[in-house]
Amino acid sequence: MIQGQFELPFVFQAFAVFLLAITGATLAIEKKYDFSGVFVLAFIAGAGGSIIRDGIFLNRIPVLVTQWEYLVVIILASIVTVIFINYIKRITTVFVAIDALGLGIYGIISAQMAINSNLNILVAILVGLVGAVSGGFLRDIFTNTEPLLLKPGQYYIIASLAGIVLFILLSIYAGIHAQTAAIPAIVLVFALRMLSYVFNWRTAPAINISQKIFKNRDESK
């Protein structure tokens, strides 16, 4: 079991939901949805990961559905995006940085919840990834967009996975308190995500790996 708990004050969790909701609302505006569409997509981006994590994997009522404060946060995010969309598009780097923090925090919190529900380590890693990235996945699915998470691109899932694994190694196998173990794990996720953004580090199509292996094998004959 994990030593202690990694917890964030409500204001930080609400801020993370607010920013994730803005990513959904921004996409809805770009696709020329009306305000109801903007809110729905903001809700999916802000709460989708938690709903899947809690409702499917942890068999509990999603917190973001039962607490009305989160719905208010998502509504505010929708309104702010509609009003300030032109300004929001100009600060992409800021949102990438904040999203990188949210990626680490949500992944670690979700993995911790899975372990506390007596799920094994591999399932906890999966739940951590679901909690971290599935909101964006659902956002793309609902807009009939090919999910960016499934395509070659900058480190996102890889960054989240690295942080979750480090958190589990430190908190379970090294016996470090979860609140302390979460810090280097979040820093790792943030660093990998931002470095891949700044230097455009990208994953490669799986077919390239296969072709390279067989090419090297043929050349060695």
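Things to note:
- With all protein chains in place and a 1.4 Å probe, the accessible surface of segment 49-112 carries 70 percent carbon and sulfur.
- Shape of the chain from the C-alpha gyration tensor: oblate (a/c of 1.5 or more and a/b not above b/c, with a ≥ b ≥ c the square roots of its eigenvalues).
- Modelled spin labels at Asn118 and Ala97, positioned 7 Å past Cα toward Cβ, are 4.4 nm from each other.
- Cβ crowding within 10 Å averaged over residues, with 89-99, 34-44 ranked highest first: 34-44, 89-99
- With the convex hull drawn over the C-alpha atoms of segment 51-117, the volume per residue is 90 Å³.
- Simple label model, 7 Å out from Cα along Cβ direction - Gln67 to Lys151, nm: 3.4 nm
- Structural descriptor for the chain: relative contact order 24 percent, calculated from alpha carbon pairs under 8 angstrom and at least 6 residues apart.
- P(r) histogram, all alpha-carbon pairs of segment 1-105 included - 10 Å bins from 0, percent: 15, 44, 31, 8, 2
- Relative contact order [Cα under 8 Å, 6+ residues apart], segment 12-65, whole percent: 31 percent
- Global form of segment 43-83, assessed from the alpha-carbon gyration tensor, a/c cut-off 1.5: oblate
- Cα shape, segment 107-221, gyration tensor, a/c 1.5 rule: prolate
- Across segment 88-213, the mean sequence separation of Cα contacts (distance under 8 Å, 6 or more residues apart), normalised by length, yields a relative contact order of 30 percent.
- Sorted on the mean count of surrounding Cβ atoms within 10 Å across their residues, most packed first, peptides 57-68, 102-113 read 102-113, 57-68.
- Computed from the C-beta positions of Thr180 and Tyr87, the FRET efficiency with R₀ = 45 Å rounds to 0.75.
- In a fully extended conformation the segment linking Ala204 and Glu30 would gain 59.8 nm over its present Cα-Cα distance, using 0.36 nm per residue.
The values are calculated or read from the model by the stated rules, or taken from the named source; none is laboratory data. Keep in mind it's a predicted model, so treat the numbers as computed, not measured. We place every Cβ from the backbone using ideal geometry, glycine too, and count neighbours over all the protein chains shown. SASA here: full protein model, heavy atoms, side chains in, ligands and nucleic acids out. Shrake-Rupley method; radii C 1.70, N 1.55, O 1.52, S 1.80 Å.
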